[in-house]
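The values are calculated or read from the model by the stated rules, or taken from the named source; none is laboratory data. Keep in mind the model is a prediction, meaning the values are calculated, not measured. Every residue, glycine among them, receives a Cβ derived from its backbone with ideal geometry; neighbour counts consider all protein chains shown.
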Amino acid sequence: MLRNQAGFTLLEMLIVLSIACIIGPLTFLTFSHWSDEITLRHFTEDIEDMIQDAQIEAITQSQLVHIVFNNQDHYYYVSRSNEIEKSDMNRRIMIYNSVGETTITINRLGHFSQSGTFTISMGSIRYKLVMLLGQGRVYIEKVSG
């Protein structure tokens, strides 16, 4: 007796569907983490560039420049004598340090008023922003994630 072998059985379809249901969320989590990694890396590069620009401006204009981070309202701004330049942050990005300080002050020589480390985080991904006294050196490096 010949049977029609043209289609799939219900059991075969359920197996394929269950495999797809397992692989789908894993793929989504991988792409979500990858997207967060890229977003945070670009943000840290922007922050580093902004700090260097603020240092140059502090030197050329011979004035104090303040950089203030506001995690609650998701923005940061650069404050000069009579001018404030505000930029929005991704709602999932947090910037903080161990003592709760949210301001970076750059003096007329382009140096930081105090050394310190800020943590920049988004989910499980963390970078640290380190400001060194003397010649206004700053660097950012990945800590985890």
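Of all residues in the stretch 71-121, those being under 19 Å from Arg41 (Cα atoms), touching a Phe, Trp or Tyr at 6+ places or on another chain (Cβ under 8 Å) and not acidic (Asp, Glu) number 13. Pairs linking a residue in the stretch 128-145 that is over 19 Å from Gln55 (Cβ atoms) to a residue that is polar (S, T, N, Q) and outside any strand (DSSP E or B), with Cβ atoms under 8 Å and 6 or more positions apart or on different chains, are Ser144/Ser124; Gly145/Ser124.
When Tyr76 is tested against (1) assigned to a strand (DSSP E or B); (2) surrounded by fewer than 18 Cβ atoms within 10 Å (Cβ to Cβ), exactly one condition is not met: (2).
Restricting the stretch 97-145 to residues that are exposed (fewer than 15 other Cβ atoms within 10 Å of the Cβ), among the aliphatic types (A, V, I, L, M) and farther than 20 Å from Ser62 by Cβ, the residue that is nearest to the chain's Cα centre (by Cα) is Val143.
Annotation: Asn90 fulfils all but one of (1) part of a loop (DSSP other than H, G, I, E, B); (2) modelled with pLDDT of 90 or more; (3) surrounded by fewer than 13 Cβ atoms within 10 Å (Cβ to Cβ); the unmet one is (3). Gly7 meets each of the listed conditions (1) at pLDDT below 90; (2) under 14 Å from the mean Cα position of the chain (by Cα) apart from (2). Residues in the stretch 48-61 that are out of contact with any strand residue (DSSP E or B) (no Cβ under 7 Å at 6 or more places or on another chain) and not hydroxyl-bearing (Ser, Thr, Tyr): Asp49, Gln52, Asp53, Ile56, Ile59, Gln61. Just wondering, is there one or more residues in the stretch 67-85 that are under 23 Å from Ile38 (Cα atoms) and among the basic types (Lys, Arg)? Checking the stretch 67-85: not a single residue is under 23 Å from Ile38 (Cα atoms) and among the basic types (Lys, Arg).
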